[in-house]
Amino acid sequence: MAGQTKQFYVFGPFRLDPEERVLLCHGEAVPLAPKVAETLLLLVQNAGRLVEKDDLMKRVWPATFVEEGNLNKNIFTLRKALSQRDGQLEYIETVPKRGYRFVESGEGGRARFTPGHGSAAWSSRCTCSACVVFFALLACPAPTKPAA
């Protein structure tokens, strides 16, 4: 894969690798079950557009009969995973009786598909952030023991 550019979906503090089905938040892996990751990918690929429940179920569980409760559980799991790491934004909108829409209700607009060389672009941002935190900690005075 040398020389090839890898593509990612970027939204808020998240980066989704569509090939590996891996979601990162600030460079850290967010654990998602395979079908949950597939659900997220389908929603992100159709950002801003309604994805019908039936279509989601057919694409996440092809040639398998599943009940709508399975999809509901995936959406619940995704909302929980995304909000725990970015409590300010809601990424998945429910369209009652129809389906779901991936939205980013905040700065930055919709998820964008961006090129990156492996994880170099992402890791340089994370390294920079780590430096800021490190130097901020250096600037803080060390805790002192209370007088007895």
Kindly check whether there is at least one residue in the range 59-80 that is in contact (Cβ under 8 Å) with a residue 24 or more places away in the chain and not in a helix (DSSP H, G or I). yes
Scanning the range 23-41 for residues that are out of contact with any Ser or Thr (no Cβ under 7 Å at 6 or more places or on another chain) and either surrounded by fewer than 15 Cβ atoms within 10 Å (Cβ to Cβ) or part of a helix (DSSP H, G or I) (or both) gives Glu28, Ala29, Pro31, Ala33, Pro34, Lys35, Ala37, Glu38, Thr39, Leu40, Leu41
Determine which member of the set Glu90, Glu52 is of a type in the set (D, E, K, R) and modelled with pLDDT under 95. Glu90
It is to be established whether one or more residues within the range 42-52 are closer than 13 Å to Tyr100 by Cβ, in a helix (DSSP H, G or I), in contact (Cβ under 8 Å) with a residue 60 or more places away in the chain and not aromatic (Phe, Trp, Tyr). yes
If a residue has to be loosely packed, with under 15 Cβ neighbours inside 10 Å and over 21 Å from Leu23 (Cβ atoms) to count, how many in the range 43-77 make the cut? 13
All but one of (1) touching a Leu at 6+ places or on another chain (Cβ under 7 Å); (2) part of a loop (DSSP other than H, G, I, E, B) hold for Glu19, so report the exception by its number. (1)
For Gln84, state whether it is farther than 22 Å from Val22 by Cβ, at pLDDT below 95 and not hydroxyl-bearing (Ser, Thr, Tyr). no
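The values are calculated or read from the model by the stated rules, or taken from the named source; none is laboratory data. As the structure is a computational prediction, the values presented were derived from the model and not from experiment. Note that we place each Cβ from the backbone using ideal geometry, even for glycine, and neighbour counts take in every protein chain shown.
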